[in-house]
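Notes to accompany the following structure.
What follows draws every value from the coordinates through simple rules; no lab data is involved. Given the structure is predicted, the values throughout are model-derived calculations rather than measurements. Neighbour counts are summed over all protein chains in view; Cβ atoms, including those assigned to glycine, are modelled from backbone coordinates with ideal geometry.
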Amino acid sequence: MKITKILYTATAVAFFLLLSVSAQTEYNPAKDTLRFPQEKHLRNIRMLTLNGENAEAYLSFDEKKLIFQTNRDKLPCDQIFTMNIDGSDKKMVSTGFGKTTCSYFLPGDTAIVYASTHMGDKNCPAPPDMSRGYVWELYKSFDIFLAKPDGSNIKRLTDTDGYDAEATVSPMGNKIIFTSLRDGDPELYTMNLDGTNQKRITFEKGYDGGAFFSQDGKKIVFRASRPVTKKEKEDYQDLVINGYVRPTALEIYTMNADGTGMKKLTNYGKASFAPFFFPDGKRIIFASNINSKTGRTFDLYMINSDGTGLEQITFSNTFDSFPIFSRDGKHLIFASNRFGKHQHDTNIFIADWVE
């Protein structure tokens, strides 16, 4: 009887302690102050940067660090920084000259790639000519560079006469995909990690960019424009000749890693971009102004890989973009204007993902 009583008491105490711990760790939406009520897939949102325009934060292969572009600390134009996954230890790893974009870690985290204009001019390039409307400039002086994670031992991977940028790396660790204007139209290309075997894989008229591999390396998701009418084609060609694209009508596409089997997933006629595969490869998350009345607010959406099942993820009524998942799908990293200290601040956030 005594042994039974002791066991019963011990079990009761353990159960009570378990309830106490559960009560302490139970999710409290009121304390999740960077989250909006409709954001049912996000929890425990944390802000990793605190000022400036910060964007395109991508994970190291060991998922302990992020690499991103920023004009923090009053930099005249974007430079590449790394930081720990909790936002600590921010360090510039680009040269500090020219303009940079689109950085990524290589397998083993012993090297990084990013695009920079510093070989063309150490000063920041002139801003785009907005007399043409809202346009992105594909600066001719952008080339892709390889360096150690601290920015040393920099090596040029592309040297064509034209825009080379938007490089990302396959999770399989064997290929880099990037956008180039070398053939007169912004197309997608792949190359080996050392810059060899540069190969064009898209061939349709229109801008192709912002590409990412699926986690198994078998698929590619990207944003693209496809001018259709005579007016659209003339406008597109005039812009491209002068190194510009108009990003107001971009759709999401997928294809096989070799460029075959291209499929258009969206057809909204809006600016849909920054697509990224879910770890399972069956869904894609992306940014779009689909539901914006002004066209100026962007939210995150997810869609099935066959183009069905569109669902809105964020509701900040500002700018949410550049989403990526951790390999296990438990965390989402993205950039947002939400709760910035200053107008136009864009910061990097990390959140727990809830299915």
GNM of the chain, Cα pairs under 10 angstrom: of Ile177, Ile80, Ile201, the biggest fluctuation goes to Ile201
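How much length is gained on full extension from Asp86 to Asp159, taking 0.36 nm per residue of separation minus their Cα-Cα distance?
On the way: separation 73, 0.36 × 73 = 26.28 nm, distance 3.58 nm.
Gain on stretching Asp86 to Asp159: 22.7 nm.
Using the C-alpha atoms of the stretch 219-355, what convex hull volume per residue, in cubic angstrom, is computed?
Enclosed volume per residue, from the Cα hull, is 138 Å³.
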Spelling it out for Leu250: with amide H atoms placed in the peptide plane at 1.01 Å from N, the residues 5 or more places away or on another chain with amide H under 5 Å from its amide H are Lys270, Ala271, Ser272
Of the listed pairs Lys74/Lys341; Lys219/Lys264; Lys64/Lys91; Lys155/Lys219; Lys205/Lys264; Lys219/Lys282, those with alpha carbons more than 18 Å apart are Lys155/Lys219
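Can you give the net charge of the other residues whose Cβ lies under 12 Å from the Cβ of Asp161, counting K and R as +1 and D and E as -1?
Net local charge, Asp161 excluded: -2.
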When the chain is treated as a Gaussian network with springs between alpha carbons less than 10 Å apart, the largest mean-square fluctuation among Leu193, Leu332, Leu75 is found at Leu75
Sequence order, the stretch 56-62: Karplus ³J(HN,Hα) from phi using 6.51 cos²θ - 1.76 cosθ + 1.60, θ = phi - 60°, Hz rounded, Gly and Pro as x, gives 6, 8, 10, 6, 5, 5, 7
Going from the fewest other Cβ atoms within 10 Å to the most, one would list Thr260, Thr314 as Thr260, Thr314
Length gained, Lys341-Glu63, 0.36 nm per residue minus C-alpha separation, equals 97.3 nm
Lone Cys, the chain, Cβ cut-off 4.7 Å -> Cys102
Taking every other residue with Cβ under 15 Å from the Cβ of Arg246 and scoring Lys and Arg +1, Asp and Glu -1, one gets -2
The rounded separation in angstrom of the Cα centers of the stretch 87-132 and the stretch 224-269 is 25
Put in order of increasing Cβ neighbours within 10 Å, starting from the fewest, Ser321, Ser116 give Ser321, Ser116
Of the convex hull drawn through the C-alpha atoms of the stretch 105-163, the volume per residue in Å³ is 102
Among (i) 39, 23, 21; (ii) 47, 33, 19; (iii) 30, 23, 21, the entry matching semi-axes √(5λ) of the Cα gyration tensor in Å as calculated here is (i)
Net charge near Ala274 (other residues with Cβ under 10 Å of its Cβ; Lys, Arg +1; Asp, Glu -1) is -1
Per the rule of 0.36 nm per residue minus the C-alpha distance, extending Ser292 to Asp258 adds in nm 8.7 nm
